[in-house]
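I have placed the structure first, in the form of structure tokens, so that the comments after it can refer back to it.
The values are calculated or read from the model by the stated rules, or taken from the named source; none is laboratory data. Predicted, not measured: the structure shown is a model, and the values here were computed from it. As a convention, Cβ positions derive from the backbone with ideal geometry for all residues, glycine included, and neighbour counts pool all protein chains shown. Accessible surface is based on the protein model in full, side chains and every heavy atom, while ligands, DNA and RNA are left aside. Shrake-Rupley method; radii C 1.70, N 1.55, O 1.52, S 1.80 Å.
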Amino acid sequence: MYQDDYKHKGMRRSLIRILTQKGITDQRVLRAIQEVPRHFFFEKAFLEQAYQDKAFPIGEGQTISQPYTVAFQSQLLEVQPGEKILEIGTGSGYQCCVLLELGARVYTVEYVQKLHHRSKAMLTQMGYQAVFVHGDGSRGLPSHAPYDKIIVTAGAPMVPNDLLRQLAIGGKLVIPVGDDKQQKMLRLTKQNENTIVKEEYDFFSFVKLRGAQGWDAASAR
Ligand code: SAH
């Protein structure tokens, strides 16, 4: 049903050039993006869009993240093969594929049931293996904690405490935090139980993180 041939690989090589020009330097991340057939997540008619550096609607009011954003977050995570990673916001499942190509073991949580089912079916069909969970990821996934890395792919009003708690010592959390228009990318490193080091990066624009530690809590205040 799906095909990935020299034409698609060529389109991905052009995308990699664009990402390099925009400042992505991690060769392992670029190689992972070269491996994942992003056009599988699009209708056939939208092949060109699949390899533009743009976000795209995936239904249910959600989007597949822009390749640059996926590359930037993946680079900040510094994924090592075999690491256990928690992703909040499965969405299309594309970012999950990139993490899997980097050799991670991935637990991915999605709030919208339809998207959870769809991405689980899609990645399984593509031959990828991850643990797919339907639920509110703003509270993390305590049943499988601690995680070496946690990546949040929706915009949060604050850093959820539960996520910091579920990080292993030496672990990193990459999360966009801000208002509903733009969010600053943060990387928090848990040096020990009492010390979190925070690094701040550029602004991005994500869909809202919902749930108890996301915007549902923030707007109830
Ligand atoms: N990583 C995705 C990007 C998806 S967009 C990709 O590669 O395509 C963000 C996703 O986060 C949406 O699917 C949205 O439904 C989901 N989301 C929002 N709040 C959430 C929450 N509290 N828990 C889990 N997923 C959430």
Practice problem: Restrict the check to the range 179-198 and report whether at least one residue is within 12 Å of the ligand (Cβ to nearest atom), within 18 Å of the chain's Cα centre (by Cα) and open to solvent by 50 Å² or more (accessible area, probe 1.4 Å). | Solution: no
Quiz prompt | Evaluation of F206 against (1) assigned to a strand (DSSP E or B); (2) within 12 Å of the ligand (Cβ to nearest atom) (one fails), failing number | solution = (1)
Practice problem: Sort out which residues of the range 118-154 are open to solvent by 30 Å² or more (accessible area, probe 1.4 Å), in a helix (DSSP H, G or I) and within 14 Å of the ligand (Cβ to nearest atom), and write them in order of number. | Solution: R118, K120, M126, R139, P142
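I'd like to check which helices (runs of 4 or more DSSP H) are fully inside the range 6-117 and have at least 2 residues that are modelled with pLDDT of 95 or more and out of contact with any strand residue (DSSP E or B) (no Cβ under 7 Å at 6 or more places or on another chain).
Values: elements: 6-21, 27-35, 47-50, 67-77, 94-101.
In the range 6-117, the matching helices (runs of 4 or more DSSP H) lie at 6-21, 27-35, 67-77, 94-101.
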Practice problem: Starting from the range 87-101, take each residue that is more than 7 Å from the ligand (Cβ to nearest atom) and list its partners that are open to solvent by less than 10 Å² (accessible area, probe 1.4 Å) and among the polar types (S, T, N, Q), counting only C-beta distances under 8 angstrom and pairs at least six apart or across chains. | Solution: V98/S74; L99/S74
Practice problem: Search the range 35-56 for residues being closer than 23 Å to T124 by Cβ and open to solvent by 40 Å² or more (accessible area, probe 1.4 Å), and hand back the single one that is farthest from the ligand (Cβ to nearest atom). | Solution: K44
Quiz item: Is the range 9-16 home to any residue that is of a type in the set (S, T, Y), out of contact with any helix residue (DSSP H, G or I) (no Cβ under 6 Å at 6 or more places or on another chain) and open to solvent by 20 Å² or more (accessible area, probe 1.4 Å)?
Solution: yes
